[in-house]
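Beneath this line is the structure, given in structure tokens, with notes to follow.
The values are calculated or read from the model by the stated rules, or taken from the named source; none is laboratory data. It should be emphasised that the depicted structure is a prediction, and the values quoted were computed from it without experimental measurement. Glycine gets a Cβ as well: all are built from the backbone with ideal geometry, and neighbour counts include every protein chain shown. Remember, those area values only see protein heavy atoms, side chains included, never the ligands or the DNA or RNA. Shrake-Rupley method; radii C 1.70, N 1.55, O 1.52, S 1.80 Å.
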Amino acid sequence: MNKKITFPHMGDYYIPISYLIKKITKCEVIIPPFITRKTIEIGSKYSPDFVCVPFKYNLGNFIESLNMGANVILQAGGGCRYGYYAELQEEILRNLGYDFEFVNFIKDNHVSIINIYKYAKKINKKLNIFKYFYYLINTITMIIIMDSLGKNIRENMGFEVEKGSFKKIQNEFFEEIKGKIGFIKLIKIYFKYKKKYNNCKINKPKNHLKVAIVGELYSIMEPFCSYNIETKLANMGIEVKRFTTLTYLLIVKKFKLPHLLKKGKKYLKYHLGADATESVVLSYQLAQEGYDGIIHIKSFGCTPEINAMPILAKVSEDYGMPIIYFSFDAQDNEVGVDTRLEAFYDMILDKKNK
Amino acid sequence: MRKKIKIGIPRAFLYYRYNILWKNFFEMLGCNIILSPETNKDIVEIGKKYSIDESCLASKIYMGHVYSLIDKCDYILIPRVADYGKKDKVCVKFNGIYDVVKNTFPLANILDYNLEFTKWYNEFFAFLKIGFKVNKNIFKILISYFKAKRKERQYNVSLMNSQKKILRNNNLKILIVAHPYNIYDKYIGENIINFFKHEEVDVLFADRLERKIAISYAKDLSNTLYWKYSKELIGAISYYKEAVDGIIFVTAFPCGPDSLVNELILRKIKNIPITNIIIDESTAEAGLETRLESFLDIIKSRCNNE
């Protein structure tokens, strides 16, 4: 039986993930169809009632790609409930009558690199540890490049002179990294596109609005889940700052987390679990730096972020910092999000002009 | 004579797990213990007022209990639990509950300890630390801790034995699978226990099984589960599976771990009647009773057929 591997979507990160799987297993990779209304409808139909939204999106992805012929599912994650998704999703899909192999890379609530190697070795006998690490490093480099270019986009897209020029370059960039690449070529691509972005004409006023996005990782990084909130903010002419990226979660977090608690001593004594510590401490820092507002995004029922919310409210009170809370579920409507966002925009604009 | 220090303990969350230990420890150290009243409508209302809408009912009740203790005691005891080892994490609610309380009620005087076994914050040192705050005699603290620990063990064994006694008789038996802070709470769980008492059905509690046994049995149902409290409950299911006639899950809305764990067990256990009861602030007593009655009818008709 030929193995056809699939995995859940998260933003644009399907590119590096499918690259890694293709290279180390030499199997066919089926990228699930892009998330649409249909995905979430299928997903929430078979999900438990009050589970958080990422579960529903992932399940929808799996069902859609199983229908396309995939027979191996990869799942990984950890920190909160995320680490326990895999087992229940497998059970649900089996009860639906699908035939597949479910591979779970979570061990003790963390993604284990060695487990991935062992699994890949089982499928692809030619793989050795050096090749594996070469491809792993390439993948991580790709993720870092994507994130550092993405940061540039978020900062400047709201002020572009020619509408859509940033999006166009981004699409070109994605096409290029989807093709044949090696480590050196990746670096070359990085500098090429960095230059392109810098040459892109922008009209940035000196006293522009700056807003930061904090919150739960999936809702932040999957644009469909948050109704493209970043693009909406950019259209309003706002500079967006966001800390949570895959680079941050995989690499930076380990080194940064212990320091964060010291910086946020005023509000926190212990870690709140998952990404909630970051939400609080970064908001606190940004409030001191003079940001205009903070957007807190989470999926419905996300316990760590609920822990963070009363503390965020206190930060907001102490520093006069506007914070808006969005809680996304399977059945939200976009108009409601737009209205609230516009009201928030008016508010921070008013505050700035004073 | 010096005035006795008053320690306030909220009657919610970990109270139901550690009450014997806390009570004996502080009483031996010469403190007075002030318990918050049993959960009532007022406490739930106040708790709702002071917490985020989406937090679980149990945590809203906790906030209400903490509020009722403010100004009535010198310290309010609020433990923070992160994990009991690499594979035994707990729900993140317990990770953040100290900071949530501290920021919601800045005036409250809190006595806290931290359990994080992966970073060497274990129970022994935690109790030394809080003991030192109320009493300066280290030997007294040590003795109190070990004595209290022994009392706790005796109490747990007695609970376990009472369960064994129930297993031996021939009545209908139902296993209630719920976090202790849900099922023993007056507002959430008492109606359910009273109903079964009234119907003369024997009730077994999943959390009363000895914890080590429970955790070793949990592997039969799930390999990847890493929440300690859920593991203990699940282990009890596979331990009592053969002996009981029905299983009831009692969950507070919207409990994070339970949303996944209960669904998985509902799908995995096949030949025993199972029901999942979710309770929120507005659960009506009549509706609950109807559900329990119909569940009981199913079990009874099943027993008669056999």
* Structure fact -> Going through segment B:290-306 in order, the residues found to be open to solvent by less than 80 Å² (accessible area, probe 1.4 Å), more than 23 Å from the chain's Cα centre (by Cα) and of a type outside the set (Lys, Arg) are B:SER294, B:PHE295, B:LEU296, B:ILE299, B:SER301, B:CYS303
* Asked: Somewhere in segment A:112-120, is a residue open to solvent by 40 Å² or more (accessible area, probe 1.4 Å) and either among the acidic types (Asp, Glu) or within 18 Å of the chain's Cα centre (by Cα) (or both)?
  -> no
* To do: Could you list all residues from segment B:1-54 that are in a loop (DSSP other than H, G, I, E, B), open to solvent by less than 50 Å² (accessible area, probe 1.4 Å) and either touching an Asp or Glu at 6+ places or on another chain (Cβ under 6 Å) or in contact (Cβ under 8 Å) with a residue 24 or more places away in the chain (or both)?
  => B:PRO10, B:ARG11, B:ALA12, B:PHE13, B:LEU14, B:LEU29, B:GLY30, B:SER36, B:THR39, B:SER51, B:GLU54
* Asked: Does A:ASP99 satisfy the condition of being surrounded by 14 or more Cβ atoms within 10 Å (Cβ to Cβ), of a type outside the set (Ser, Thr, Tyr) and not assigned by TED's automatic domain parsing to the domain that holds A:GLU230?
  -> no
* **Considering residues of segment B:78-93 that are crowded, with 22+ Cβ neighbours inside 10 Å and hydrophobic (A, V, I, L, M, F, W, C) only, the residue farthest from A:GLY301 (Cα to Cα)** => B:ILE78
* Structure fact -> Among the residues of segment A:261-283, the number that are within 14 Å of chain B (Cβ to nearest Cβ) and farther than 14 Å from B:GLY96 by Cβ is 3
* Do we find that A:LYS298 is assigned by TED's automatic domain parsing to the domain that holds A:VAL211, surrounded by fewer than 21 Cβ atoms within 10 Å (Cβ to Cβ) and under 22 Å from B:GLY96 (Cα atoms) in this structure? -> no
* Structure fact -> Looking across segment B:246-263 at residues that are surrounded by fewer than 22 Cβ atoms within 10 Å (Cβ to Cβ) and facing chain A (nearest Cβ under 8 Å), the single one that is nearest to A:GLU90 (Cα to Cα) is B:GLU263
* Asked: Any residue at all in segment A:313-333 that is touching a residue at least 60 places away in the same chain (Cβ under 8 Å), part of a helix (DSSP H, G or I) and not assigned by TED's automatic domain parsing to the domain that holds A:ARG81?
  -> no
* B:GLU123, sole failed condition from (1) under 22 Å from B:ALA218 (Cβ atoms); (2) acidic (Asp, Glu); (3) touching a helix residue (DSSP H, G or I) at 6+ places or on another chain (Cβ under 7 Å) -> (3)
* Could you list, in sequence order, all residues of segment B:239-267 that are among the charged types (D, E, K, R) and in contact with a strand residue (DSSP E or B) (Cβ under 6 Å, 6 or more places away or on another chain)? => B:ASP245, B:ASP258
* Asked: Taking segment A:295-305 as the region of interest, how many residues are closer than 23 Å to B:LYS49 by Cβ and either of a type in the set (Asp, Glu) or modelled with pLDDT under 90 (or both)?
  -> 7
* Asked: Got a number for residues in segment A:301-315 being open to solvent by 30 Å² or more (accessible area, probe 1.4 Å) and touching a strand residue (DSSP E or B) at 6+ places or on another chain (Cβ under 9 Å)?
  -> 1
* Asked: Can you name the residue in segment A:127-140 that is open to solvent by 20 Å² or more (accessible area, probe 1.4 Å) and touching a residue at least 24 places away in the same chain (Cβ under 8 Å) and, of all such residues, is farthest from A:TYR117 (Cα to Cα)?
  -> A:ILE140
* Hey, does segment A:67-82 have a residue that's free of Cβ contacts under 8 Å to residues at least 24 places away in the same chain and open to solvent by 40 Å² or more (accessible area, probe 1.4 Å)? -> yes
* To do: Sort out which residues of segment B:65-96 are touching a Lys or Arg at 6+ places or on another chain (Cβ under 8 Å) and more than 12 Å from every other protein chain (Cβ to nearest Cβ), and write them in order of number.
  => B:HIS65, B:LYS72, B:CYS73, B:ASP74, B:TYR75, B:TYR84
* **Filter result for A:PHE34 (crowded, with 18+ Cβ neighbours inside 10 Å, aromatic (Phe, Trp, Tyr), more than 14 Å from chain B (Cβ to nearest Cβ) and in contact (Cβ under 8 Å) with a residue 24 or more places away in the chain)** => no
* Structure fact -> Scanning segment A:316-332 residue by residue, those open to solvent by 40 Å² or more (accessible area, probe 1.4 Å) and either more than 10 Å from chain B (Cβ to nearest Cβ) or over 19 Å from A:GLU342 (Cβ atoms) (or both) turn out to be A:GLU317, A:ASP318, A:TYR319, A:ASP329, A:GLN331, A:ASP332
* Structure fact -> Across (1) over 23 Å from the mean Cα position of the chain (by Cα); (2) closer than 24 Å to A:ALA287 by Cβ; (3) open to solvent by 20 Å² or more (accessible area, probe 1.4 Å), A:LEU209 clears everything bar (3)
* Say whether the condition of being more than 23 Å from A:ILE297 (Cα to Cα) and open to solvent by 60 Å² or more (accessible area, probe 1.4 Å) is met by at least one residue in segment A:152-159. => no
* Asked: Are there any pairs with C-beta distances below 9 angstrom linking a residue in segment B:227-253 that is not assigned by TED's automatic domain parsing to the domain that holds B:LEU292 to a residue that is basic (Lys, Arg) and part of a loop (DSSP other than H, G, I, E, B), with the two at least 6 apart or on different chains, and if so which?
  -> none
* To do: Taking the residues in segment B:264-278 that are open to solvent by 10 Å² or more (accessible area, probe 1.4 Å) and within 12 Å of chain A (Cβ to nearest Cβ) as candidates, determine which candidate is farthest from the chain's Cα centre (by Cα).
  => B:LYS270
* Asked: Does segment A:321-351 hold any residues that are more than 26 Å from A:THR303 (Cβ to Cβ) and polar (S, T, N, Q), and which are they?
  -> A:THR339
* Does A:LEU249 satisfy the condition of being among the hydrophobic types (A, V, I, L, M, F, W, C) and modelled with pLDDT of 85 or more? -> no
* Asked: Which one of these is open to solvent by 10 Å² or more (accessible area, probe 1.4 Å) and within 14 Å of chain A (Cβ to nearest Cβ): B:TYR229, B:TYR217?
  -> B:TYR229
* Of the criteria (1) open to solvent by 10 Å² or more (accessible area, probe 1.4 Å); (2) modelled with pLDDT of 85 or more; (3) not aliphatic (A, V, I, L, M), which one A:ASP49 fails -> (2)
* Structure fact -> Picked from segment B:106-146 (must be in a loop (DSSP other than H, G, I, E, B) and more than 28 Å from B:LYS86 (Cα to Cα)), the residue farthest from the other protein chains (Cβ to nearest Cβ) is B:ASN137
* Does segment B:159-180 include one or more residues that are in a helix (DSSP H, G or I) and either within 18 Å of B:TYR15 (Cα to Cα) or touching a Gly at 6+ places or on another chain (Cβ under 7 Å) (or both)? -> yes
